[in-house]
Amino acid sequence: MSSPILNAVNVSFGYENNPVLHNISISIEHGEVFCLLGPNGSGKTTMLDCFLGLNKPESGQISVDNSDLGTLHPSEIARKIAYIPQSHEKNFPLSVFDVVLMGRTAYTGIFDSPDSDDVDLVENMIKSMNMQHLKDRDYTRLSGGESQLVMIMRALVQQA
């Protein structure tokens with residue numbers, strides 16, 4: 001039996017004397033689909049932020065692919081976990097191509113540019129999603145559904 005891709009054991013987290021998560025444990029195996037449901041304000045996003053390394057748990061341990069999340073560099077986490085937010089600010093008038101290409105950031109050095117393989121991967125993703133007509137469009141001018149498709153493509157080229 002393989003080890004879980006994500007394993008959280010007795011994770012607790014809160015904001016300034018306001019406990020949100022208490023002794024949460026979950027194990028997600030390779031290939032499993034994980035769905036998180038619950039009422040508004042119940043801590044779903046807070047838990048995901050813990051899994052992404054954005055929130056540091058007060059207690060418990062989270063491991064990703066057998067590595068302690070607390071010891072991983074953000075780029076290492078990004079190579080293991082892709083996240084599509086439910087909403088986000090679209091502040092910069094980047095092309096759809098460039099937004100999708102940002103999914104390759106975890107594989108590019110700080111002073112490096114994406115290479116031809118990265119560009120090819122993005123081109124193929126846009127083509128496979130039948131979104132070539134949006135490739136050069138300003139991302140800030142897309143509809144909500146189009147924006148979500150771009151975020152899905154970005155997560156897929158991240159190859160987490």
The chain: calculated mean residue ellipticity at 222 nm from DSSP helix runs of at least 4, using -39500 (n - 2.57): -9000 deg cm²/dmol
Lysine-lysine proximity count for the chain, Cα under 26 Å, sequence distance 8 or more or distinct chains: 9
Between helix 144-158 and the chain: long-axis angle, C-alpha atoms, 0 to 90°, nearest 10: 80
Cα centre as origin, Lys/Arg/Asp/Glu Cβ charges: the chain dipole, Debye: 380
Sequence-separation-based contact order of the chain, relative, with Cα cut under 8 Å and 6+ spacing, percent: 22
For segment 106-160, fraction of C-alpha pairs farther apart than 12 Å, in %: 69
HN-Hα J in Hz across segment 121-130 - Karplus 6.51, -1.76, 1.60, θ = phi - 60°, x for Gly and Pro: 4, 5, 4, 5, 5, 4, 5, 5, 8, 6
Largest to smallest principal axis extent of the C-alpha atoms in segment 28-160, angstrom: 47, 35, 29
Percent carbon-and-sulfur accessible area, the chain, ignoring ligands, DNA and RNA, probe 1.4 Å: 51
14 Å beta-carbon shell around D68, net charge (K/R +1, D/E -1): 0
Surface per residue (accessible, 1.4 Å probe) for the chain, Å²: 63
Vicinal HN-Hα couplings computed from phi for segment 30-37 (Karplus, 6.51 cos²θ - 1.76 cosθ + 1.60; Hz; Gly/Pro x): 3, x, 6, 9, 10, 10, 10, 10
Residues whose placed amide H lies under 5 Å from that of V20, excluding near-sequence neighbours: F13, G14, Y15
Placed amide H near M129: partners under 5 Å, 5+ positions off or other chain: none
Peptides 84-91, 10-17, 21-28, 43-50 ordered by average Cβ neighbours within 10 Å, highest first: 43-50, 21-28, 10-17, 84-91
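The values are calculated or read from the model by the stated rules, or taken from the named source; none is laboratory data. Quick caveat: nothing in here was measured; it's all calculated off a predicted structure. No Cβ is skipped: glycine too gets one built from the backbone with ideal geometry, and neighbour counts run over all protein chains shown. What goes into the accessible areas is simple: the full protein's heavy atoms, side chains included, and nothing from ligands, DNA or RNA. Shrake-Rupley method; radii C 1.70, N 1.55, O 1.52, S 1.80 Å.
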